[in-house]
Amino acid sequence: MSDNACLNSISVSNSNNLTDGLDGLSAGTSAIIVFTLGVFAWTSGNIIFSDYLNIMYLPGIGEIVVFVSALLGGLIGFLWYNTYPAQVFMGDTGSLTIGGIIAVIAILVRKELLLPILCGVFLIETLSVIIQVGYFKYTKKKFGVGKRVFLMTPIHHHFQKKGYSESKIVARFWIISIMLAILSLITLKIR
């Protein structure tokens, strides 16, 4: 694996871990992303569809669809018990692993450049933490007192502090994730 591929894997893994803070948030967005990567794998592994869509045909890559289907089934089964109020929790081990698997699948399907769009919810969560920590350190050094941009990070906790219910935040983040997945799928025909 190249250095860039390792960096992608680490980034997506850690950002998924940051997203795992509300019941069903990480599992739901991960399921949407995994499904989208499954579509990419299936179309890239099918010579007829890859020719029609003018994308690179990857012989044998369609076999990943079996793994993706199993992972998607596991995520949906887990989500059944992880939605609000959660009876089961993912934890660091699960979220870091699922993020790493998402990155590896994207690399294998040769769609790693779409990760910032496809994993946009993860990216927003991570950027909110980076902005918060950076601004706090800057203002502490400059003024002696650290100031914050958000009430709390990652950003889903900011919305919680604003008074939004947990279910509403999770549902809206899923909607954003679905929109980003559709945007990523549109790129199949835009070439």
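The values are calculated or read from the model by the stated rules, or taken from the named source; none is laboratory data. Every value quoted in this text rests on a predicted model; they were computed, and no experiment measured them. Positions of Cβ are backbone-derived with ideal geometry, glycine not excepted, and every protein chain shown enters the neighbour counts. Accessible surface is based on the protein model in full, side chains and every heavy atom, while ligands, DNA and RNA are left aside. Shrake-Rupley method; radii C 1.70, N 1.55, O 1.52, S 1.80 Å.
Within the group 155, 131, 169, which residue is surrounded by 14 or more Cβ atoms within 10 Å (Cβ to Cβ), within 20 Å of the chain's Cα centre (by Cα) and either among the acidic types (Asp, Glu) or farther than 20 Å from residue 28 by Cβ (or both)? Give the steps one after another, and end with the answer.
Numbers: 155 fails: either among the acidic types (Asp, Glu) or farther than 20 Å from residue 28 by Cβ (or both); 169 fails: either among the acidic types (Asp, Glu) or farther than 20 Å from residue 28 by Cβ (or both).
Every option except 131 fails the conditions.
So, in the range 172-191, of the ones that are open to solvent by 80 Å² or more (accessible area, probe 1.4 Å) and either of a type outside the set (Val, Ile, Thr) or more than 21 Å from the chain's Cα centre (by Cα) (or both), which residue ends up nearest to residue 114 (Cα to Cα)?
183
I'm told residue 77 meets every condition in (1) touching a residue at least 12 places away in the same chain (Cβ under 8 Å); (2) open to solvent by less than 50 Å² (accessible area, probe 1.4 Å); (3) not charged (D, E, K, R) except one. Can you identify the failing condition by its number?
Single failed check for residue 77: (1).
Which condition number in (1) open to solvent by 80 Å² or more (accessible area, probe 1.4 Å); (2) under 27 Å from residue 170 (Cβ atoms); (3) modelled with pLDDT of 90 or more is the one that residue 47 fails?
(2)
Condition check ((1) open to solvent by less than 60 Å² (accessible area, probe 1.4 Å); (2) closer than 17 Å to residue 29 by Cα) across all residues:
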{"position": "73", "(1), (2)": "yes, yes"}
{"position": "81", "(1), (2)": "no, yes"}
{"position": "94", "(1), (2)": "yes, yes"}
{"position": "98", "(1), (2)": "yes, yes"}
{"position": "104", "(1), (2)": "yes, yes"}
{"position": "107", "(1), (2)": "yes, no"}
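Those residues that are more than 20 Å from residue 36 (Cβ to Cβ) and of a type in the set (A, V, I, L, M, F, W, C), I need them from the range 62-89; list them, please.
80, 86, 88, 89
What are the residue pairs meeting all of these: first residue in the range 15-29, first residue at positive phi, second residue assigned to a loop (DSSP other than H, G, I, E, B) and among the small types (Gly, Ala, Ser), Cβ atoms under 9 Å, and 6 or more apart or on different chains?
Partner pairs satisfying both residue conditions: 24/86.
May I ask you to list the residues in the range 126-143 that are β-branched (Val, Ile, Thr) and touching a residue at least 24 places away in the same chain (Cβ under 8 Å)? Lay out the reasoning, then the answer.
Start the filter on the range 126-143 by keeping residues that are β-branched (Val, Ile, Thr), which leaves 126, 129-131, 133, 139.
The answer is 126, 129.
I'm trying to understand the selection: among the residues of the range 36-64, which are within 30 Å of residue 83 (Cβ to Cβ) and out of contact with any helix residue (DSSP H, G or I) (no Cβ under 6 Å at 6 or more places or on another chain)?
Of the range 36-64, the ones within 30 Å of residue 83 (Cβ to Cβ) are 36-42, 64.
Across the range 36-64, the qualifying residues are 39, 40.
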